[in-house]
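Q: What follows is a structure written as structure tokens; I'll ask about it next.
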Amino acid sequence: MQIAWSVADKFNSFADALVYAWRVIKLQIALLCGVVEFQYRKVDGSIRKAVGTLDRVPETKGNGSAKGVFVYFDIEANGWRSAKVDNLIF
């Protein structure tokens, strides 16, 4: 529900926001299970094609709990990356 409320202003109805939130959750689950290819819009407006995972990644000191931010380990760059949740492209 938190994801849906954070992106609700982007959609015409809250039902659409819920559908988007479920897609985000499914992406997070897929990342926990292995390597996934996905896309998001960067702050400068360009499209970033990412290959990432949350499975077997190096430990970090942070807790990664920022609201509205999607965090993943980038396989190609070998480092942690993040994107705004409402910028993910499905």
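Q: In the stretch 53-83, which residue that is of a type outside the set (Phe, Trp, Tyr) and touching a residue at least 40 places away in the same chain (Cβ under 8 Å) is surrounded by the most Cβ atoms within 10 Å (Cβ to Cβ)?
A: Result: 83.
Q: Let me ask you something else. State the number of residues belonging to the stretch 22-39 that are within 15 Å of residue 6 (Cβ to Cβ) and in contact with a helix residue (DSSP H, G or I) (Cβ under 6 Å, 6 or more places away or on another chain).
A: 1
Q: Sort out for me the strands (runs of 3 or more DSSP E) sitting completely within the stretch 32-86 that have 2 or more residues that are modelled with pLDDT under 95.
A: 69-74, 79-84
Q: For the stretch 48-62, give me each residue that is β-branched (Val, Ile, Thr) and more than 12 Å from the chain's Cα centre (by Cα).
A: 57, 60
Q: Of everything in the stretch 24-52 that's exposed (fewer than 14 other Cβ atoms within 10 Å of the Cβ) and of a type in the set (D, E, K, R), which residue is nearest to residue 68 (Cα to Cα)?
A: That would be 42.
Q: Still on this structure, I have one more. If you take the residues in the stretch 5-55 that are touching a strand residue (DSSP E or B) at 6+ places or on another chain (Cβ under 9 Å) and basic (Lys, Arg), which one is nearest to residue 76 (Cα to Cα)?
A: It comes out as 49.
The values are calculated or read from the model by the stated rules, or taken from the named source; none is laboratory data. Here the structure is a predicted model, which is why all the values come from computation and not from measurement. When we count neighbours, we look across all protein chains shown, and the Cβ atoms used for this are built from the backbone with ideal geometry, even at glycine.
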